[in-house]
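This report concerns only the one structure given below.
The values are calculated or read from the model by the stated rules, or taken from the named source; none is laboratory data. Quick caveat: nothing in here was measured; it's all calculated off a predicted structure. Cβ: placed from backbone, ideal geometry, glycine included. Neighbour counts: every protein chain shown. Each accessible area value is taken on the protein alone, full model and side chains, heavy atoms only, with ligands, DNA and RNA left out. Shrake-Rupley method; radii C 1.70, N 1.55, O 1.52, S 1.80 Å.
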Amino acid sequence: MDERKKIIEIIEKIGATPDKLIEILLAVQSLSHEHYVSEEQLKLIAQKLNIPLSKAYGVASFYSMLSTKKKGRYVIQICNSGPCYVSKANGIVKALENRLGIHIGEITNDQMFSMEYTSCFGACHLAPAIKINEEVYGNLNPQKVNQIIDKLIKEVV
Amino acid sequence: MVNFISKYAGKINPLSLKEYKDRGGFQGFEKALFQMSPSEVIDEIKDSNLKGRGGASFPTGLKWQFVAAEGASEKYVICNADEGEPGTFKDQVLLEGSPMQIIEGMMIAAYAVGATKGFIYIRGEYSKEQVIFKNAIEVLRNEGYLGKHILGQDFEFDLEVRSGAGAYVCGEETALIESIEGNPGRSRFKPPYPPQFGLWGKPTLVNNVETLANIPLIISGGAEEYKKYGTASSSGTKLISVSGNVVNRGVFEVEFGTTLREIIYDICGGIKKNKQLKFVQLGGSSGACIPESLLDLKLDFNVLKKHGIGLGSGAILVVDEETCILDFIKMTTKFFNHESCGKCTTCREGNRHICKIIDRIIHGNGAERDLRLMIEIATIMKESSLCGLGQAAPTAILTTLKYFNGEYMEHINGFCRSGVCHPKGEVKING
């Protein structure tokens, strides 16, 4: 139970009080290549913070940066707020959909990529912009999108 | 353009106390601590006529007075760095470039209202800025600017960074407080307001990043000097975030009194590819859509108020003729539908129903009755939603219905002038 130990360490480091729940969930989620918090992990966190599981689940499902479902190794988030919208973000979505063969909300068969919309993350001066995991990519066009995906595939292989 | 509150950002190493102090940093705090009583500090801020820069434009000095008037022994100061309003990225510049200026503002606020503990709530998307703040706090603790007996005086203050996790509603102060407590960020019923019942039920001051960045400069230079910037009703400067179809996008600091036309054509170099401007959305997705004919409006709280427009966060989204009003409103309402916390009925259901009506009109199945229905729903949302999110969500709908009614009517008649929608199977016009 290596993972269990790691989670307990995280909780001890951040502090085992209910107000630290969000920070703990973010830290635990960052352990996973699949970018989600599992039911087992939620149970353990709830137990350690002495809060009901429903509360931990309620928080994990409320915030969009937290997920209780598996995502791809690379989570592609496409901004669909005003500034990216008027800068033709839908062209970027089409380019990604064509390239990866999945739609928004789906995950590729090899679990490498998942795609989702996100609200504005403050890269409006670079619109249209996307975020892949922590990295922001801006001033995009369909060619650039393809280059980015090429680069990421090479990184893994 | 001016360089007043943004004078440190990009010019100094954000983590160097020496560089910050060499350029006047901490003069405001030292003046407050050594030469002024807490009530004198509050009077100075009230005299400066500073209004909140987060979106609601509430008089800052008055808010401070409310918190100071509470008798509780435990009070909190919170910096709202949950900059989530679409098109707003101005706080980012201060958070990255000048963390000590914001912390100094919080320290002066804490001294004035009688708080010893502060939190800075930074949105989860700004992970880099969270690290910068954690480091800045560490530097200031080591140098005796945070902790007990600050600068040898009987004043203590310390602060913690808290992370958001992707929820627009957490920019609303009571939702933000819920989030710091470790709960889903759902707005509270008000009253009581945070100055009476805030974080863990204690009196709490919540101020935006840019508001706090003004504080050290007001105190060190004095309110009179500060009021030389701006107009009679709106003192100081404003950071604006310009995005959309303009040549130069970015964050600029302007004095109040600057017109939208000056911002778009002089500062930002006009519309990309010399296209026609269609409208400007002022204040983010929750802001008004202003037609070309009103571009000579000044950034001034009173002038804008006369037109029923708010300055909001100072986001300016410039939109050219290629955008269809209805498709834009559909995107905006979907955003609010997604971000609504679901607690109050008018916001949760109102956004959902407006989405349905817009879809109906876009698909060529709308009728004039739908426009009246939308106005009715929007008005109810505005008047009876629990927090600012639901109250401001239909602003873009109401303003486009006012200024671009013709385009709604065209869609009802099966035509989209921008060629974005395909009502009743019409051919795309602009390709």
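Screening the stretch B:125-154 for residues that are assigned to a loop (DSSP other than H, G, I, E, B) and under 16 Å from B:V93 (Cα atoms) and picking the one that is least open to solvent (accessible area, probe 1.4 Å) gives B:Y126.
Highlighted here would be helices (runs of 4 or more DSSP H) found entirely within the stretch B:172-238 that include at least 1 residues which are surrounded by fewer than 24 Cβ atoms within 10 Å (Cβ to Cβ) and of a type in the set (F, W, Y), but there are none. Listed by first and then second residue, the pairs with beta-carbon distance under 6 Å, at least 6 apart or on different chains, first residue in the stretch A:40-53 and of a type in the set (S, T, N, Q), second in a helix (DSSP H, G or I) and surrounded by 13 or more Cβ atoms within 10 Å (Cβ to Cβ), are A:Q41/A:V28.
For every residue, the table says whether it meets (1) touching a Lys or Arg at 6+ places or on another chain (Cβ under 7 Å); (2) open to solvent by 10 Å² or more (accessible area, probe 1.4 Å).
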position: A:Y117; (1), (2): no, yes
position: A:F121; (1), (2): yes, yes
position: A:L126; (1), (2): no, yes
position: A:A129; (1), (2): no, no
position: A:Q143; (1), (2): no, yes
position: A:E155; (1), (2): no, yes
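Mind listing whichever residues of the stretch A:66-103 are open to solvent by 50 Å² or more (accessible area, probe 1.4 Å) and not charged (D, E, K, R)?
A:N80, A:N90, A:N98, A:G101, A:H103
When A:K43, A:K71, A:K55 are checked against the criterion of being more than 10 Å from chain B (Cβ to nearest Cβ), of a type in the set (D, E, K, R) and not in a loop (DSSP other than H, G, I, E, B), A:K43 stands alone in meeting it. Do we have B:D296 as in contact with a helix residue (DSSP H, G or I) (Cβ under 6 Å, 6 or more places away or on another chain), charged (D, E, K, R), touching a residue at least 24 places away in the same chain (Cβ under 8 Å) and more than 26 Å from B:G390 (Cβ to Cβ) here? Spelling it out, B:D296 is indeed in contact with a helix residue (DSSP H, G or I) (Cβ under 6 Å, 6 or more places away or on another chain), charged (D, E, K, R), touching a residue at least 24 places away in the same chain (Cβ under 8 Å) and more than 26 Å from B:G390 (Cβ to Cβ).
Considering the stretch B:239-254, the residues that are part of a loop (DSSP other than H, G, I, E, B) and not charged (D, E, K, R) include one that is surrounded by the most Cβ atoms within 10 Å (Cβ to Cβ), namely B:N245. Evaluation of B:A109 against the conditions (1) assigned to a helix (DSSP H, G or I); (2) touching a Lys or Arg at 6+ places or on another chain (Cβ under 7 Å); (3) not aromatic (F, W, Y) shows that the sole unmet condition is (2). Each residue in the stretch B:57-92 was checked for being touching a strand residue (DSSP E or B) at 6+ places or on another chain (Cβ under 8 Å) and within 14 Å of another protein chain (Cβ to nearest Cβ), and 12 pass.
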